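Chemist: Would you mind keeping the following structure in view while I ask a few things?
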Amino acid sequence: MKKLIFLLALVSASPSVMANSAATTAAANKENPDFVAGGKAIGRRDWKAAVESFNKAAQKMPENADVQNNLGYAYRQLGDLDKSFVHYKEALRIDPKHRGAHEYIGEAYLKAKQPEKAAEHLAALEGICGKGCEEYRDLAKAIESYNKAN
């Protein structure tokens, strides 16, 4: 009986644990100077500096999906889809529900002329956040534009 009560308490606490985990990650990102520098480099569209900064952040925070997602984004902007896919997949290994990683890997698949893979990530986003979330809408729009052009 004690085990059952413990398990029920654990399960009922899970949403708050998940929320605290996301808040902890966001706080850690803001406190990591390499993560902050990488964000600023993205803002300047300095993709090489972004890769350098996020690679440093990854050494300090190897299980941070945001770091991996940003590395994937910077590599995609540099035109290195192979490295981009490596980092997006790592972000999704760390956090299978990472909305940004699903959106961006979907966009990378469009760049690689694999719209069926992009559609898989659109479906994943629908399951995670519905059709109303920004990541779903952005990827849906990118897929629509791709289909019109091809």
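The values are calculated or read from the model by the stated rules, or taken from the named source; none is laboratory data. Given the structure is predicted, the values throughout are model-derived calculations rather than measurements. FYI the Cβ positions are ideal-geometry reconstructions off the backbone, even for glycines, and counts take in every protein chain you see. For the accessible areas, the whole protein counts, side chains as well, though only heavy atoms, and no ligand, DNA or RNA atoms are used. Shrake-Rupley method; radii C 1.70, N 1.55, O 1.52, S 1.80 Å.
Chemist: Can you say whether Val51 is out of contact with any Lys or Arg (no Cβ under 8 Å at 6 or more places or on another chain), farther than 22 Å from Ala22 by Cβ, open to solvent by less than 60 Å² (accessible area, probe 1.4 Å) and of a type outside the set (Lys, Arg), as far as the supplied structure shows?
Modeler: The answer is yes for Val51.
Chemist: Which numbered condition in (1) in contact (Cβ under 8 Å) with a residue 40 or more places away in the chain; (2) closer than 25 Å to Lys113 by Cβ is the only one that Lys83 fails?
Modeler: (1)
Chemist: Check Tyr73, Tyr88 and return the single one that is in contact with a helix residue (DSSP H, G or I) (Cβ under 6 Å, 6 or more places away or on another chain) and either at pLDDT below 95 or open to solvent by 30 Å² or more (accessible area, probe 1.4 Å) (or both).
Modeler: So the residue among Tyr73, Tyr88 that is in contact with a helix residue (DSSP H, G or I) (Cβ under 6 Å, 6 or more places away or on another chain) and either at pLDDT below 95 or open to solvent by 30 Å² or more (accessible area, probe 1.4 Å) (or both) is Tyr73.
Chemist: Has the stretch 115-128 got any residue that is within 20 Å of Ser84 (Cβ to Cβ), open to solvent by 80 Å² or more (accessible area, probe 1.4 Å) and not β-branched (Val, Ile, Thr)?
Modeler: Looking through the stretch 115-128, at least one residue is within 20 Å of Ser84 (Cβ to Cβ), open to solvent by 80 Å² or more (accessible area, probe 1.4 Å) and not β-branched (Val, Ile, Thr).
Chemist: Still on this structure, please answer the following. Please find, within the stretch 98-114, the residue that is nearest to Ala65 (Cα to Cα) out of those that are among the hydrophobic types (A, V, I, L, M, F, W, C) and open to solvent by less than 30 Å² (accessible area, probe 1.4 Å).
Modeler: Ala101
Chemist: Does the stretch 65-77 include one or more residues that are among the charged types (D, E, K, R), more than 22 Å from Thr24 (Cα to Cα) and touching a residue at least 12 places away in the same chain (Cβ under 8 Å)?
Modeler: Taking every residue of the stretch 65-77 in turn, at least one turns out to be among the charged types (D, E, K, R), more than 22 Å from Thr24 (Cα to Cα) and touching a residue at least 12 places away in the same chain (Cβ under 8 Å).
Chemist: Another one. Can you name every residue in the stretch 54-69 that is open to solvent by 30 Å² or more (accessible area, probe 1.4 Å) and in a helix (DSSP H, G or I)?
Modeler: Answer for the stretch 54-69, where residues must be open to solvent by 30 Å² or more (accessible area, probe 1.4 Å) and in a helix (DSSP H, G or I): Asn55, Lys56, Gln59, Lys60, Asp66.
Chemist: Before we move on, is Tyr88 in contact with a Lys or Arg (Cβ under 6 Å, 6 or more places away or on another chain) and part of a helix (DSSP H, G or I)?
Modeler: Criteria not met by Tyr88.
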